[in-house]
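*Asks:* I am attaching a structure below and will ask some questions about it afterwards.
The values are calculated or read from the model by the stated rules, or taken from the named source; none is laboratory data. Small disclaimer: the values here were computed from a predicted structure and weren't measured. Glycine also receives a Cβ, built like all others from the backbone with ideal geometry; neighbour counts cover every protein chain displayed.
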Amino acid sequence: MSAADIQAFLDAHNAWRTKVNEPPLTWDAGLASLAQDWSSQMAQSGNFDHRPNNNEGENIFAGTGTYAPKDVVDAWGNENANFHVDTNTCDPNTMCGHYTQIVWASTTKVGCGSATGGDGTVYWTCNYDPPGNVSGIGPLDAAAQQQASQ
């Protein structure tokens, strides 16, 4: 992945985090390698699914056409329409887990990768550490996240 794409991924993630006063993420080469490997496996198999037995947070995206890193992150971030900062919860029966992973208070690192399948589908993966979306804890509840990790 080019330095420009890495910076674009960081900028897009951190723009969403800034909106809810969370500190910026930093790029992690190990997470990027993990993400690249998984994107390549999805592209080879044509199966769009999360990595099994993954200990990292993970967002995945697939589509045909041309996507910039910002397009991918914004597709996840736009799930914020289903999230309420005042209650630190998502609307019932809606998708917002991609968004909550992006803004998860205790997450500090991200790494992303992409690969194109034989049919032209582009598969994107971003991995996060520490992982977010811990059951029973809101994404912006840093104190509860800290307590749960001890």
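*Asks:* Quick one: count up the residues across the stretch 81-106 that are surrounded by 16 or more Cβ atoms within 10 Å (Cβ to Cβ) and closer than 26 Å to T121 by Cβ.
*Replies:* Residues meeting the conditions: 8.
*Asks:* Oh, and also: Can you tell me which of (1) in contact (Cβ under 8 Å) with a residue 24 or more places away in the chain; (2) within 13 Å of I102 (Cβ to Cβ); (3) not acidic (D, E) is the one P24 doesn't meet?
*Replies:* (1)
*Asks:* When you scan the stretch 62-73, do you find a residue that is at pLDDT 95 or above, over 15 Å from the mean Cα position of the chain (by Cα) and either over 24 Å from G117 (Cβ atoms) or not in a loop (DSSP other than H, G, I, E, B) (or both), even just one?
*Replies:* Yes: the stretch 62-73 contains one or more residues that are at pLDDT 95 or above, over 15 Å from the mean Cα position of the chain (by Cα) and either over 24 Å from G117 (Cβ atoms) or not in a loop (DSSP other than H, G, I, E, B) (or both).
*Asks:* Just to be sure I understand the filter: pairs with C-beta atoms under 7 Å, separated by 6 or more residues or on different chains, first member in the stretch 37-60 and without any contact (Cβ under 8 Å) to a residue 12 or more places away in the chain, second member crowded, with 20+ Cβ neighbours inside 10 Å and among the β-branched types (V, I, T). Which pairs pass?
*Replies:* Here the result reads H50/I60, each pair linking the stretch 37-60 to a residue that is crowded, with 20+ Cβ neighbours inside 10 Å and among the β-branched types (V, I, T).
*Asks:* Suppose we filter the stretch 1-29 for residues that are part of a helix (DSSP H, G or I) and not aromatic (F, W, Y); how many remain? Walk me through it before giving the result.
*Replies:* So the first thing to find is which residues in the stretch 1-29 are part of a helix (DSSP H, G or I), and the list is 3-19, 29.
Remaining after also requiring not aromatic (F, W, Y): 3-8, 10-15, 17-19, 29.
Of the residues in the stretch 1-29, 16 are part of a helix (DSSP H, G or I) and not aromatic (F, W, Y).
*Asks:* Using the structure shown, decide if A32 is touching a Gly at 6+ places or on another chain (Cβ under 9 Å) and either within 18 Å of G117 (Cα to Cα) or not in a helix (DSSP H, G or I) (or both).
*Replies:* Values: touching a Gly at 6+ places or on another chain (Cβ under 9 Å): yes; either within 18 Å of G117 (Cα to Cα) or not in a helix (DSSP H, G or I) (or both): no.
Judged against the criteria, A32 is not a match.
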